[in-house]
Structures are given as structure tokens and as C-alpha cells.
Amino acid sequence: MPASSPELPRFPADFVWGASTAAYQIEGAADEDGKGPSIWDTFTHRAGTVRDGHTGDVACDHYHRFDEDVALMRRLGLDAYRFSVSWPRILPSGAGKVEPRGLDFYERLVDALLDAGIEPTPTLFHWDLPQALEDEGGWLNRETAYRFGEYAAVVADRLGDRVTRWITLNEPFVHMSFGYGFGVHAPGRALLLDALPVAHHQLLGHGLATAALRAAVPDAQVLVANNCTPVRLRQDARGEADTAAADAYDILHNRLFNDPLLHGRYPDLSAYGMPDPAWGGVVRDGDLTSIGAPLDGLGINYYNPSWITAPRDPAAGLPFDLAEPAEPYLRTSFDWPVVPDGLTELLTGLKARYGADLPPVWITENGCSQPEGSHDPARIDYLAGHLGAVADAMAQGVDVRGYFTWSLLDNFEWAEGYHQRFGLVEVDFATGARTPRASFDWYRDLIAAQRP
Ligand code: IFM
């Protein structure tokens, strides 16, 4: 452990040590073995969408090199691996005809993981919606939620005898806001607040997928991975207007997703021009019962807090402005502030808000982009600091069951292409060569030292 890393306490013996990836970010093989196009295939091939025109066509070529990647995970000593299933590999048109070669791939991956003593933890939707469904309106269309439930049943039918821990959605807030609100991610639609139905339809899809998983897999553990942020005021906050803006942001980013899942109701969306609890007919009878079915765990993806001020231009349409913190935090290569205690604040805040309705928590993503190269002391400090923050939250009574770092491998970082490197393992995108970084050795040693 480097001199600057705090000593970590001992985590519970059954604490799960993991790493995360996502299909479009690592697999490549974009149109192999019958896979249909996803919205990310379409988006990345449109000029001007991704930095330097990068695409996920090849990415880490994990589709062909997964054995090598599982061997790396075995070297790390991981307990669990979180990956995502590419919906259009399984259902090339989003629905109807199943492509068995897609299921075969995930079956080979799952079997390799189990052989290595690593628990597979698939996410069913990490943003690569089949293009055919986007052509019908994507997540703006309620029907997509039903297609998601059907897709979940198909995957569970093939893998459910070997997989118990499932994650339905990854970061529905980011998919709604970046994909449909601002158009900087696929499918590239800039609808601002008209994107809100995307939140409800993803959540309804989660509810339907949860029911499908539980019907097919009797001991299924179902989670959802929400990226949550503690909302902070700047030190120079002006008072009530800033506080109201911070509350409004908390509602949009955190509570819009956590409240219906954990309390079976949406927060008041009046600040977003939506005083009607049924959202003008978007939310139908029975939906919240399905969405609010008890979860086995809440996945939390944490990167940094959000600093909020009152909107400088109220005519711009949003009841808040995103601001920069006044404090001189360390920054990642992405220029994101490094704030480990934000994770403690987030976890204890969730416990305070949801009380007994908060299921066990899993950190399903946490990590940082750092410069190229295998010497990455800043990543080690980042991970050590954030694990310390998890331990602090646990000491304050939050039931955290596991930690999945983002990410196992350098990968395709969405609109940033290959420019942001989040991996414990460096990837040479010209050759596909993998080189474990210093942080890989550090995480391996940490896991070994934590073993009972
Ligand atoms: O790479 C992403 C991931 O797909 C979702 N969570 C945040 C990561 C870093 O931006």
C-alpha cells in the first residue's frame, strides 16, 4: 500500500470484492454472431457524436478474449464480476426471434467465471438498447418496458440455473438525461424535460424484469444500479433560493429513481412542471406496485457529489444550475473532483431517508480515470479513500455487502471514446494487449489481506 493510502479496516468476512464492466464498452464484435445494431452502434457511427470519432466496434475485443480477462480476474482474486448483457446480441430486433449464439456467448462467460470461483453478476441494460426498439420510440414508448421484461425472461431462462445475483438497469438517470434530455449519449435526443417518461418506462421495465427473474430463478437476488450523488451547496450559497435548487436537483437525480423503488411513490415533480402525480397519464394504475416490489439490494454507482446553485437564468427552464465546488479538490483525468467523504454522506443519507425500506447496499461502481501507463498511484489513493468511506458508512450502520470497482479494463468511455482510462488493467487499443497496473496489484493484495 503506498504511504499516502490510509490503512483500511477489516471488512466483514462475507463482504464481496468485485469489478465492473459493460458490454458496449468492452466487447467489440459489433455485428458478429447475429447481433443486431444497438443505439450505440448507430450513434457512434454518426459524425460528431464521440470524441475523435471513436466507436465500440472493437473496443477491448472482450468477445474474443474473455478467457484472458477471466484469467486476470482470477489473478485479482475477485469474488464477483459485474458485466452487462447486450440486449441486441440476444434479441437482434429487440423482441421476437432469439439469437442463440448471443446466449451461448454469455453462457461461456458465466461458465468460465464459475470455474474461476467468481460469481457472475449480470446487468441486463447498460444503455445499448436495440436500435429496432429505438425506431419505435425507445424508452419514450411504454412498450419498451414490456419488451425489457420479455428479454429478462429469455436471459434468465438460459442462465438462471447458474446466476442468482442480477442487476436490471444501470444508471437510469444518466440514460434519461444524457441520452434523451441533452442528446450527448445515444440515442442523441435533446428533449430536456420531455425526456421524463424515459425515467418511468425504465423503472416499469425494471419492475417487469424483476417479476420475470423471480419467476424463472427461485433464489434470484434482484438489484438495480443507480448512480446517486450527494447534493451540496457551495460555500458562498445565497440562502433559500440555493437550498430550493439543491432540493430540486436531489429530486431529479436521486429521488426520481430511489423513491418509487424504495417507497413506491414518486417525489413531487412540481419544480419540473409536473404537478400531476400520474404525469399526464404516463404513470398508470399498478405501475408503482410493480416498480416498488421489494429489492434484494440497491446498487450505488458513486463518482462525486454535485454542487448546486439557484439558476442564474430562470428562463433556461431548469430549477437549478450545476456549479463547481469552491474547495480545491484533487481531480481525475475527467476533471471530476475526488471526494471520498461524499460516499459516506451519500450512504448515511440514504439510510436516513429510507430507513427500514433501504435494502442492503452494494457499491456497483466506483473508480477514476487516470493518465495512460501502468504506474497509477492516484488510482490507488482514490480506491483506498473510497473504501475507507464505505467502511465509515458501515460503522454508522449502513449495511453494505460488496464493492465493485469501475473498471476491470480501460474501455470505451461513451462520448469520450478511448480518452478516459478507468481500468485496473491498461489496454492497448491498437493490439488489444492487457497490462495490469500498480492498482491491480494493490487491489489483489487488499482482497487477499481481507480474506478470513
Ligand atoms: O463508464 C461509465 C459507466 O458506463 C457508467 N458509470 C460511469 C462510468 C464512468 O463514466
- Kindly provide the set of residues from region 390-410 that are assigned to a helix (DSSP H, G or I) and surrounded by fewer than 21 Cβ atoms within 10 Å (Cβ to Cβ), ordered by number. 391, 392, 394, 395
- Item | Flag for residue 292 being under 28 Å from residue 160 (Cα atoms), open to solvent by 10 Å² or more (accessible area, probe 1.4 Å) and touching a Leu at 6+ places or on another chain (Cβ under 6 Å) | no
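Would you point out which residue out of 174, 198, 163, 154 is surrounded by fewer than 24 Cβ atoms within 10 Å (Cβ to Cβ), more than 26 Å from residue 105 (Cα to Cα) and in contact (Cβ under 8 Å) with a residue 24 or more places away in the chain? Let's see the steps before the verdict.
Details: 198 fails: surrounded by fewer than 24 Cβ atoms within 10 Å (Cβ to Cβ); 163 fails: more than 26 Å from residue 105 (Cα to Cα); 154 fails: more than 26 Å from residue 105 (Cα to Cα).
Every option except 174 fails the conditions.
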- Got at least one residue in region 171-179 being charged (D, E, K, R) and more than 16 Å from the ligand (Cβ to nearest atom)? no
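Please work out which residue is farthest from residue 237 (Cα to Cα), limiting yourself to region 320-330 and to residues that are open to solvent by 30 Å² or more (accessible area, probe 1.4 Å), assigned to a loop (DSSP other than H, G, I, E, B) and of a type outside the set (Asp, Glu). Write out each step before concluding.
Within region 320-330, the first condition is being open to solvent by 30 Å² or more (accessible area, probe 1.4 Å), and the residues that meet it are 321-322, 324, 326-330.
Checking the rest, the ones that are also assigned to a loop (DSSP other than H, G, I, E, B) come to 324, 326-330.
Keeping just the survivors that are of a type outside the set (Asp, Glu) gives 326, 328-330.
On the way: 326: 11, 328: 17, 329: 18, 330: 22 Å.
Across region 320-330, the extreme among qualifying residues is 330.
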- Message: So for region 80-90 (the condition being in contact with a helix residue (DSSP H, G or I) (Cβ under 7 Å, 6 or more places away or on another chain), open to solvent by 10 Å² or more (accessible area, probe 1.4 Å) and in a loop (DSSP other than H, G, I, E, B)), does at least one residue qualify?
- Response: no
- Message: Tell me whether region 339-348 contains one or more residues that are free of Cβ contacts under 8 Å to residues at least 40 places away in the same chain and within 16 Å of the ligand (Cβ to nearest atom).
- Response: yes
- Note on the structure: Within region 416-433, the count of residues that are on the phi > 0 side of the Ramachandran plot and either part of a strand (DSSP E or B) or within 16 Å of the ligand (Cβ to nearest atom) (or both) comes to 1
- Got at least one residue in region 263-277 being at pLDDT 95 or above, of a type in the set (A, V, I, L, M, F, W, C) and surrounded by fewer than 19 Cβ atoms within 10 Å (Cβ to Cβ)? yes
- Query: With (1) in contact (Cβ under 8 Å) with a residue 60 or more places away in the chain; (2) among the aliphatic types (A, V, I, L, M); (3) over 16 Å from residue 251 (Cα atoms) as the list, and residue 310 as the residue in question, which single condition is left unmet?
  - Reply: (3)
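For every residue, the table says whether it meets (1) among the acidic types (Asp, Glu); (2) over 22 Å from residue 234 (Cα atoms); (3) touching a residue at least 12 places away in the same chain (Cβ under 8 Å); (4) more than 16 Å from the ligand (Cβ to nearest atom).
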residue: 334; (1), (2), (3), (4): no, no, yes, no
residue: 363; (1), (2), (3), (4): no, yes, yes, no
residue: 373; (1), (2), (3), (4): no, yes, yes, yes
residue: 385; (1), (2), (3), (4): no, yes, yes, yes
residue: 388; (1), (2), (3), (4): no, yes, yes, yes
residue: 400; (1), (2), (3), (4): no, yes, yes, yes
residue: 404; (1), (2), (3), (4): no, yes, yes, no
- Query: Only one of (1) away from the ligand (no atom under 16 Å from the Cβ); (2) buried (at least 19 other Cβ atoms within 10 Å of the Cβ) is not met by residue 253, so which one is it?
  - Reply: (1)
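The values are calculated or read from the model by the stated rules, or taken from the named source; none is laboratory data. From a predicted model like this one, the values you see are computed outputs, not experimental measurements. Note: ideal-geometry Cβ built from the backbone for every residue, glycine included; neighbour counts use all protein chains shown. Just so you know, the surface numbers come from the protein's heavy atoms only, side chains and all, with ligands and any DNA or RNA stripped out. Shrake-Rupley method; radii C 1.70, N 1.55, O 1.52, S 1.80 Å.
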